[in-house]
Every structure is written in C-alpha cells, then in structure tokens.
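Undergrad: Can you keep this structure in mind? I'll have questions shortly.
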Amino acid sequence: MFSKYKPHNNSLYNKLVSLSRNIFFYKKLQLKDNFESRIILIFIHFSIILIIFKSKNREKFPQLIFDNIFQNIEYHLRELGHGDVSVNKKMKILTKIFYDILLKINTGKSEDFLVNKSIIKKYLDDQNKINDVFLEELSHYIEYFYNFCFELNTNSVLKGEINFKY
C-alpha cells in the first residue's frame, strides 16, 4: 500500500523539472505556470530523452530511473494534498498521457526528428490559447533540445548532466 520514497537517483528528474521551469515557456510562449503545464513539459523532455536513448543504445533505459521519475511525480501529487484514491486516478491518467506523447511526438523517419504539433496542441491547448506561432516556436525548441541531447553521452544524460540553454 505504501511505497517508500527513495530520494537518491533524482538527478535526471531534477533536471527535467529544471527544464520545465525554463522562463522561455512562461514569458515568450505565455504558458500558464501550473502543475499540468509543467508535467506535460516534463513528459515532452523525458520522451525525447527516451527516443534518443533507444536510437543510440541497444540496452533498455534503466527501469530504476524510469520508476523514480514517476515515483517523484506521485510524491509531489501527495504533497499537493491529493489522497490515495485521487493520486492513483491521476497517475493512471498521467501515465496514459506520457505514453501518448512518447509514441506520437516524433513524426519523422528513423533518423529525422519532426515534432508532431497536434500532440502538443492536444495537451497544452486546454490551458493556453495555441496558435501557429506558438506551435512553431515550441516545435523549434523541442527539435533544438533533441539535437542537443543527441550529441550527449547517454550516461551523462542518465545522470542529469544536461546543460541545455535556450
């Protein structure tokens, strides 16, 4: 029933949170600064990392790190005051959203990365007024992040050593 929260191995999660707090999203794109927007941005960044990891490695992404990221999200939901039933329902929804983003964010062929703008619109449009300029700027950011991370060593990415500036 209760899972023990393990605060180690949070470096990748902390980096994903840091990336989701980039002032670009809230000043330039004028996203609403709320839990839902940040979670979607974390999922977008994490999906890109998983896509890169899969294309560069024959190994699987470390399950412990994957589990830790979702455990942190669950922990933060509890910190926000959600109860057990509410957290379980919310985590089920968030997991479906994550996998939807992961499977659909890239519309490019095997070596090309092209952002699927409809998936961005689907998850960020309820909170924001999305237009073509917004989609272009966010797509450019995501493609730039993909290219930046593709050049990094996968071990350094797993350690959260992503010094990305945009």
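Undergrad: Here is a list of conditions, (1) under 20 Å from residue 115 (Cα atoms); (2) without any contact (Cβ under 8 Å) to a residue 12 or more places away in the chain; (3) not polar (S, T, N, Q), and residue 43 meets all of them except one; can you say which number that is?
TA: (2)
Undergrad: A follow-up question, please. Taking region 33-45, which residues are part of a helix (DSSP H, G or I) and either under 17 Å from residue 140 (Cβ atoms) or not polar (S, T, N, Q) (or both)?
TA: If the condition is that a residue be part of a helix (DSSP H, G or I) and either under 17 Å from residue 140 (Cβ atoms) or not polar (S, T, N, Q) (or both), then 35, 36, 38, 39, 40, 41, 42, 43, 44, 45 are the ones that fit.
Undergrad: Has region 51-74 got at least one residue that is in contact (Cβ under 8 Å) with a residue 24 or more places away in the chain and touching a Cys at 6+ places or on another chain (Cβ under 6 Å)?
TA: yes
Undergrad: Separate question: Do we find that residue 86 is hydroxyl-bearing (Ser, Thr, Tyr), within 18 Å of residue 14 (Cα to Cα) and either part of a helix (DSSP H, G or I) or at pLDDT 90 or above (or both) in this structure?
TA: In short, no.
Undergrad: A follow-up question, please. Determine whether region 14-32 contains at least one residue that is in a helix (DSSP H, G or I), among the hydroxyl-bearing types (Ser, Thr, Tyr) and at pLDDT 95 or above.
TA: Yes, region 14-32 has at least one match.
Undergrad: I'm told residue 117 meets every condition in (1) touching a helix residue (DSSP H, G or I) at 6+ places or on another chain (Cβ under 8 Å); (2) at positive phi except one. Can you identify the failing condition by its number?
TA: Exception for residue 117: condition (2).
Undergrad: Considering only region 79-121, state which residues are under 19 Å from residue 67 (Cα atoms), of a type in the set (D, E, K, R) and loosely packed, with under 11 Cβ neighbours inside 10 Å.
TA: The answer is 79, 84, 92, 96.
Undergrad: Are any residues in region 46-68 outside any helix (DSSP H, G or I) and out of contact with any Ser or Thr (no Cβ under 8 Å at 6 or more places or on another chain), and if so, which ones?
TA: Across region 46-68, the qualifying residues are 58, 59, 60, 61, 62.
Undergrad: Just wondering, is there one or more residues in region 128-139 that are in contact (Cβ under 8 Å) with a residue 24 or more places away in the chain, touching a helix residue (DSSP H, G or I) at 6+ places or on another chain (Cβ under 8 Å), surrounded by fewer than 18 Cβ atoms within 10 Å (Cβ to Cβ) and polar (S, T, N, Q)?
TA: Within region 128-139, one or more residues are in contact (Cβ under 8 Å) with a residue 24 or more places away in the chain, touching a helix residue (DSSP H, G or I) at 6+ places or on another chain (Cβ under 8 Å), surrounded by fewer than 18 Cβ atoms within 10 Å (Cβ to Cβ) and polar (S, T, N, Q).
Undergrad: Quick one: in region 11-64, of everything that is among the acidic types (Asp, Glu) and under 18 Å from residue 120 (Cα atoms), which residue is surrounded by the fewest Cβ atoms within 10 Å (Cβ to Cβ)?
TA: 33
The values are calculated or read from the model by the stated rules, or taken from the named source; none is laboratory data. Note that the structure is predicted; figures quoted are calculated from it, not measured. FYI the Cβ positions are ideal-geometry reconstructions off the backbone, even for glycines, and counts take in every protein chain you see.
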